[in-house]
Amino acid sequence: MRPNRLGSAAWLVQPLYVAVELVVAAAAAGTVAASAAYSLRDDTISALGQLTCAPGHSGSTVLVCSPGHAVLNVAFVVFASLRVLGALLLHPSFAPGWVRAAATGLWALSGLCSAAVGLVPVDQRPALHALVAAPVFVLQPLAVLATAAALRRTAGAVPGWVVTTGVAVGGLTAAAAAAFGLRLGQQTWVGGLERLALWPAYLWLGALGAVLLVRRARVSGRG
């Protein structure tokens, strides 16, 4: 498989992370012993990666147990690594310039931080977990915006709607990340805002990967 196709495929599969998280959350919600039902709205994503039963967010005293913590922590590392791989392999496909460099660098940095989140569960090393997790909420929205800008500068790379939705997703996730930061320590909507800050980027990358693969297939067909 050529590098640009492999890079597109690495981004195409990103929405599967959301599916993995939902499955792990469902397992946590179904846990009976020593645990309340896990709340996608109120509890943080990191709570699903806890090795022990602990509060679902800093504003809660109710214990949450996550039997699928190993699955989610592996998913953090795998999908983050694929985001970095996709950015590096697709780098030559975008128009040269500082915007392309910024997009690649931002995905690489945010991906490394996301992978680190899976290596330091919040209940084991909370300070280090917070240190590696916090940059993701800044870097990832910027990565989406920079990628949309790079696509705009690359003639014929993608349809206009991909760029437009990229700008919208970047703005939405940036605003949600800010709201999530302000909401930390509260009892409700912590998890919902965190997911709004992260999930749309993964869905957009999936759509972008699909578009890039289809365009590449059409070009190859004409050739």
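The values are calculated or read from the model by the stated rules, or taken from the named source; none is laboratory data. Computed from a predicted model, the values in this text were never measured in an experiment. Virtual Cβ from ideal backbone geometry, glycine too; neighbours counted across all protein chains shown. Heads up: the accessible areas ignore ligands, DNA and RNA and are worked out on the full protein's heavy atoms, side chains in. Shrake-Rupley method; radii C 1.70, N 1.55, O 1.52, S 1.80 Å.
Looking at segment 138-156 only, could you name the residues that are out of contact with any Ser or Thr (no Cβ under 6 Å at 6 or more places or on another chain), open to solvent by 20 Å² or more (accessible area, probe 1.4 Å) and of a type outside the set (Val, Ile, Thr)?
Leu142, Leu145, Ala149, Arg152, Arg153, Ala155, Gly156
Can you work out which of the residues in segment 53-82 that are touching a Pro at 6+ places or on another chain (Cβ under 9 Å), open to solvent by 30 Å² or more (accessible area, probe 1.4 Å) and not in a helix (DSSP H, G or I) is modelled with the lowest pLDDT? Outline the logic, then answer.
Step one: list which residues in segment 53-82 are touching a Pro at 6+ places or on another chain (Cβ under 9 Å), which gives 61-64, 69, 73.
Now restrict to residues that are open to solvent by 30 Å² or more (accessible area, probe 1.4 Å): 61-63, 69.
This time we only want the ones that are not in a helix (DSSP H, G or I), so: 61-63.
Working: Thr61: 72, Val62: 77, Leu63: 82.
The residue in question is Thr61.
Does Val122 satisfy the criteria of being within 24 Å of Phe180 (Cβ to Cβ), part of a loop (DSSP other than H, G, I, E, B) and open to solvent by 20 Å² or more (accessible area, probe 1.4 Å)? Full working, then the answer.
Working: within 24 Å of Phe180 (Cβ to Cβ): yes; part of a loop (DSSP other than H, G, I, E, B): yes; open to solvent by 20 Å² or more (accessible area, probe 1.4 Å): yes.
Against the criterion (within 24 Å of Phe180 (Cβ to Cβ), part of a loop (DSSP other than H, G, I, E, B) and open to solvent by 20 Å² or more (accessible area, probe 1.4 Å)), Val122 qualifies.
What's the total number of residues in segment 83-93 that are closer than 30 Å to Asp123 by Cβ and buried (at least 23 other Cβ atoms within 10 Å of the Cβ)? Steps first, please.
Kept after step one, since they are closer than 30 Å to Asp123 by Cβ, are these residues of segment 83-93: 83-85.
Filter once more, so that each one left must be buried (at least 23 other Cβ atoms within 10 Å of the Cβ): 83.
Adding up the residues that qualify gives 1.
Scan segment 196-207 and report the pairs whose first residue is modelled with pLDDT of 95 or more and whose second residue is surrounded by fewer than 24 Cβ atoms within 10 Å (Cβ to Cβ) and not in a helix (DSSP H, G or I), with Cβ atoms within less than 7 Å and a gap of 6+ or a chain change.
Tyr202/Gln14; Leu205/Gln14; Gly206/Gln14
Looking at segment 94-103, can you tell me whether even one residue there is more than 27 Å from Leu212 (Cβ to Cβ), in a loop (DSSP other than H, G, I, E, B) and open to solvent by 20 Å² or more (accessible area, probe 1.4 Å)?
Within segment 94-103, none of the residues are more than 27 Å from Leu212 (Cβ to Cβ), in a loop (DSSP other than H, G, I, E, B) and open to solvent by 20 Å² or more (accessible area, probe 1.4 Å).
Ala210 - would you say it is surrounded by fewer than 17 Cβ atoms within 10 Å (Cβ to Cβ), outside any helix (DSSP H, G or I) and among the hydrophobic types (A, V, I, L, M, F, W, C)?
Here the answer is no, as Ala210 does not meet what is asked.
If you check Ala87, Ala133, Ala168, Ala108, which single one turns out to be farther than 19 Å from Trp204 by Cα and at pLDDT 95 or above?
Step by step, each of Ala87, Ala133, Ala168, Ala108 is checked, and only Ala133 is farther than 19 Å from Trp204 by Cα and at pLDDT 95 or above.
So if I check each of Ala47, Ala26, Ala19, Ala116, which one is surrounded by 20 or more Cβ atoms within 10 Å (Cβ to Cβ) and assigned to a helix (DSSP H, G or I)?
Within the list Ala47, Ala26, Ala19, Ala116, the selection yields Ala47.
Do we have any residue at all in segment 181-202 that's open to solvent by 10 Å² or more (accessible area, probe 1.4 Å), over 26 Å from Ser46 (Cβ atoms) and either part of a helix (DSSP H, G or I) or aromatic (Phe, Trp, Tyr) (or both)?
No, every residue in segment 181-202 fails to be open to solvent by 10 Å² or more (accessible area, probe 1.4 Å), over 26 Å from Ser46 (Cβ atoms) and either part of a helix (DSSP H, G or I) or aromatic (Phe, Trp, Tyr) (or both).
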